[in-house]
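What follows is a short report on a single structure.
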Amino acid sequence: MKIAFVGKGGSGKTTLSSLFVRHLAAHRVPVVAVDADINQHLGVALGLDEAEAAALPAMGAHLPLIKEYLRGTNPRIASAETMIKTTPPGAGSRLLRITEDNPVHEACARPVRLDGGEARLMVTGPFTEADLGVACYHSKVGAVEMYLNHLVDGREEFVVVDMTAGSDSFASGMFTRFDMTFLVAEPTRKGVAVYRQYKEYARDWGVSLRVVGNKVRGEDDLDFLRAEVGDDLLVTVGDSDWVRAMERGRHRPFTELEGAVREALRTMYETADASYELRDWERYTRQMVHFHLKNAESWGNARTGTDLAAQVDPSFVLGEFAPGGEPVPAPQPA
Ligand SMILES: Nc1ncnc2c1ncn2[C@@H]1O[C@H](COP(=O)(O)OP(=O)(O)OP(=O)(O)O)[C@@H](O)[C@H]1O
Ligand SMILES: [Mg+2]
């Protein structure tokens, strides 16, 4: 299950993704947490200290390895250099499983111990001022897009991505890669403006979008969100002393998290889980091809000097079952 947390800067994306990851880990649900936000804070929110977080390998620094592994023996992808972030898998490509050990996880994922459970954490790597709006930024987030486009995930195993609700995810198609998108919104005009923009983009793509109201302090806040967001409002979370204690470096056991927040996390889990029924691998594949052709035309062909449309394998459909009906081999426990 691929889950995104998006929203305005400072709305609580990282906080809520980290709580959701902790909830999954506490229930022994396999989870890969991915920090794809401009401000890389997920590691610290999951309890790493600054030095541990800074020592995490960056996906953005392993692009050649990721591309080389994923293209496998796919004859349509001549070299790793011609693989761009939207290059779709085809016959011969290597697919990824959430729980398996593979070179991508070995290079980029690190285990994080959480109360009673464990998650694996991957980070895109810090963005510098120079990255924003240029190729590096795109390629760093592109590593995550490639990961998602080659992932055959089943029910009860999760990838949780903390990401910016920026125009970048709309240009590349990244926003269409998730079973469920949780848009974190504070009860403010700016918070709901980001929701409206996202909803507008999402409308034509069958994106499942639900709003998680955050820092909701009372009836007025709740009324505001209900009025602005309507039925898309899934749950609301108030100011959490547990979160504030963590911000002060005082880590309290997850079982001490406020009951209302735990209840919200349970609802989010159930909603994410239920979205499995809406899964449509054909549409998922069709959309990645669509965005690949769009990116190929707008910059990829020129950048690589090749016709990237030829990378599309017209008969390939990504899915939990390999083309031909053979089940994808079960993952080995990590
Ligand atoms: N429910 C909450 N209760 C208490 N504090 C919260 C809550 N949600 C978020 N915060 C605090 O608000 C601040 C911003 O939250 P967070 O870093 O999760 O937002 P973000 O959307 O990831 O921000 P950025 O855009 O900077 O990445 C943090 O200091 C966090 O601890
Ligand atoms: Mg953040």
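Looking only at residues of the stretch 46-75 that are buried (at least 18 other Cβ atoms within 10 Å of the Cβ) and of a type in the set (D, E, K, R), we find that the one that is farthest from residue 162 (Cα to Cα) is 71. Scanning the stretch 77-105 for residues that are over 22 Å from the mean Cα position of the chain (by Cα) and either among the polar types (S, T, N, Q) or surrounded by fewer than 19 Cβ atoms within 10 Å (Cβ to Cβ) (or both) gives 78, 79, 80, 81, 82, 91, 92.
Taking residue 12, is it at positive phi, within 15 Å of ligand 2 (Cβ to nearest atom) and in contact with a Leu (Cβ under 6 Å, 6 or more places away or on another chain)? So residue 12 does not fit the description; no. Might you let me know whether the stretch 23-45 holds any residue that is surrounded by fewer than 23 Cβ atoms within 10 Å (Cβ to Cβ), free of Cβ contacts under 8 Å to residues at least 12 places away in the same chain and more than 16 Å from ligand 2 (Cβ to nearest atom)? No.
Filtering the stretch 1-34 to residues that are within 18 Å of residue 123 (Cα to Cα), more than 13 Å from ligand 1 (Cβ to nearest atom) and out of contact with any Asp or Glu (no Cβ under 8 Å at 6 or more places or on another chain) leaves only 32.
Screening residue 239 with (1) in contact (Cβ under 8 Å) with a residue 24 or more places away in the chain; (2) closer than 30 Å to residue 182 by Cα; (3) crowded, with 17+ Cβ neighbours inside 10 Å; (4) not basic (Lys, Arg) gives one miss only, at (3). Has the stretch 232-249 got any residue that is touching a Phe, Trp or Tyr at 6+ places or on another chain (Cβ under 9 Å) and within 12 Å of ligand 1 (Cβ to nearest atom)? Yes.
Within the stretch 279-295, residues that are under 13 Å from residue 90 (Cα atoms) reach partners that are modelled with pLDDT of 95 or more and assigned to a helix (DSSP H, G or I) with beta carbons closer than 6 Å, at six or more positions or on different chains, in the pairs 288/149. Condition check for residue 289 on (1) surrounded by fewer than 15 Cβ atoms within 10 Å (Cβ to Cβ); (2) modelled with pLDDT of 95 or more: one failure, at (1).
The values are calculated or read from the model by the stated rules, or taken from the named source; none is laboratory data. All of these numbers come straight from a predicted model, not from anything done at the bench. No Cβ is skipped: glycine too gets one built from the backbone with ideal geometry, and neighbour counts run over all protein chains shown.
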